[in-house]
């Protein structure tokens with residue numbers, strides 16, 4: 001009888017151990033290495049190099065990755081970087097109508113990239129409105145160098161806009177055409193003197209300015225009474241305000 005009892009106890013211990021192992025394995029899939037509870041419908045690897053940019057949901061739907069983040073800090077987030085497979089993606093709130101304040105959820109949808117099965121998703125770095133940051137220093141520097149490139153390009157472009165505004169007699173169609181040409185001439189060149197992310201910032205801000213001038217031109221075609229001076233004043237003020245924010 002004692003042999004039967006011992007056999008039962010051994011089997012029971014094995015069963016409990018097997019159940020615990022399965023449970024731990026399940027938790028490893030549903031709650032990846034992170035301090036946060038994550039709703040996840042796939043076995044994507046998740047790495048979080050920040051303290052409180054929390055992943056609340058991670059789902060793979062066909063060729064898309066649906067990612068929901070929560071700002072768990074006590075500061076406004078102005079930018080962050082994630083990696084999807086082999087591709088690093090920066091989300092920037094300076095200059096946009098979006099904000100990411102404390103406690104708020106923010107959803108992004110990314111395309112599935114090469115390396116997704118091997119590397120999964122990584123939350124790399126975050127930068128705040130006071131200039132402080134959290135996460136991997138390499139990616140924090142990438143954000144800051146890109147912003148420095150954008151700030152530099154704005155500083156180059158604003159005098160061209162001001163020159164048009166200061167002109168006494170203006171043919172607005174010609175002035176906008178010339179302004180666009182001057183912005184297009186702004187240099188964006190790879191150099192060993194500057195990091196790649198700085199040059200990327202120069203490039204992105206240049207394209208943004210060109211698109212904004214083209215938008216004004218299109219609006220003028222649709223509305224002959226459009227006040228171009230007011231449009232350019234708004235453009236100048238918008239970029240001028242961003243100079244101080246990009247310095248953080």
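The packing ranking, built from the mean of other Cβ atoms within 10 Å per residue, places the peptides 223-229, 79-85 in the order 79-85, 223-229, highest first.
The stretch between residue 243 and residue 177, if pulled fully straight at 0.36 nm per residue, gains 21.3 nm over its current Cα-Cα span.
If the segment from residue 97 to residue 51 were pulled out straight at 0.36 nm per residue, it would be longer than the present Cα-Cα gap by 14.0 nm. With a simple spin-label model that places each label point 7 Å from the Cα along the Cα-to-Cβ direction, the separation between residue 227 and residue 155 comes to 3.2 nm. Distance from the alpha carbon centroid of the range 62-94 to that of the range 159-206 works out to 29 angstrom. Label positions at residue 104 and residue 117, each projected 7 Å from the Cα along the C-beta direction, are separated by 3.8 nm. Taking label positions 7 Å along the Cα-Cβ direction at both residue 76 and residue 234, the computed distance is 2.1 nm, reported to one decimal. Per residue, the convex hull spanned by the alpha carbons of the range 31-135 comes to 93 Å³. Here the average projected area of the convex hull drawn through the C-alpha atoms of the range 115-248 stands at 10.9 nm².
Computed from the coordinates by the stated procedures, all read-outs in this text should not be read as laboratory data. Remember, predicted model here, so these are calculated numbers, not experimental data. A quick note on method: Cβ atoms are made from the backbone with ideal geometry, for glycine too, and the neighbour counts reach across all protein chains shown.
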